Every structure is written in C-alpha cells, then in structure tokens.
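First up is the structure itself, then whatever we jot down about it.
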Amino acid sequence: VCSSDLGFNRDEAKKLLAEAGYANGFKLEITTVPQYRPWAEAIAGELRKVSIEATVNPQTDVVIRKLRSTGKIQMAMENMPVLAIPDAHLTYQINFGNRSELYIKDDQFLKLGEDGLSTRDPALRDRIYAQMFDRINDQMYLLPLTAIPSTYLHTAEVVYRQTPGFKFTPRITDFHWK
C-alpha cells in the first residue's frame, strides 16, 4: 500500500543520527514476547551497527499491554494476527484503534485511519490507506517484518468447507479433496 520504498543505507542512518544530535547513539529497549526474542536480537544487532545501544526485554503479552497503555515502551516487536482478513485497515485497528493503548499523538494519522474505515469506495480507500502507510513509514510508527506468512493455494480439485465459528480464519482442516 506504500507509495515509496524506504530503502536501506547504514551510512545515511549514522549521518541522520548525527544531524539529530545523536552522533554517539542512544539507548533503546526493544520489548517483545519471548518467542520473538531471536528476531528482536537480530534487529538490536543491526541498530547497534549505527551506534544505537539496543537491548531486548522479553515480556508476556499481558505485561506488554500494561507497559504500552502506560507509555513505558520505547519500541515493541509484536505479531499482528491478520489471519485471513486482507484489509489494510486491520493494521490501523490492531495497532492504533484502542485509545487506551494509543502510543502516538498524530491527529493527521488518526484521521486517515478513521477516514479509511468510513468509506466504501475501494479507490478512495486505496488512496487514503496509501497516505496512512506513507505516514507510518515517514514517522516510523511501524516497521513491518514477515516472520510467519500465511499462504493459501487453491485448485479445482480442492473444496473449502468453512469451520463454523471461524468466519475469517481458514483452517487447514477446512480444505478437502473432492
């Protein structure tokens, strides 16, 4: 949905940090659940290469939610359970829709999220969400990573019978040979 590539340039990152007054870096704690610690450690390692003294703080989901709601998380690495709902608005809803856990104060961004949800015109939604994701990237509110992508293949020889109660979540047991 983004309209531009973020790119990667370690030297440019160091230059921007210096321009912002952080030539010697700064301390940053990455909070994550224990099962994502290896990925958080890899990110911390990359951040240390540009003089950001990153550490990893593994916590339970409950502790993370409490820390986030009180504004005590500097950076979090979390899983977003998008399941099988291919809607860009889910990113907004999960990360920014709960006002008790709102960790950004950006009226422009929040309005884009609400505007995207309020329209049924697919072309207009695409334009709004492109602006919303560009804002996410510009302000670095989220850095999307893919650890466990879901892929579904289909052929005419397979029939899908939905499990009752799981309207938006296809399960492997829902697919059967004809």
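None of the figures in this text is laboratory data; all of them are computed from the coordinates on show. Small disclaimer: the values here were computed from a predicted structure and weren't measured. Please note: Cβ atoms are built from the backbone with ideal geometry, for glycine as well, and neighbour counts cover all protein chains shown.
A few remarks follow.
- Residues with amide H under 5 Å from that of A54, placed H, sequence gap 5 or more: L28, R48
- Distant-in-sequence amide contacts of Q59, defined by a placed amide H-H separation under 5 Å and a gap of 5 or more residues or a different chain, comprise T32, V33.
- A simple spin-label model places the labels of S118 and Q74 3.8 nm from each other, with each point 7 Å out along Cα-to-Cβ.
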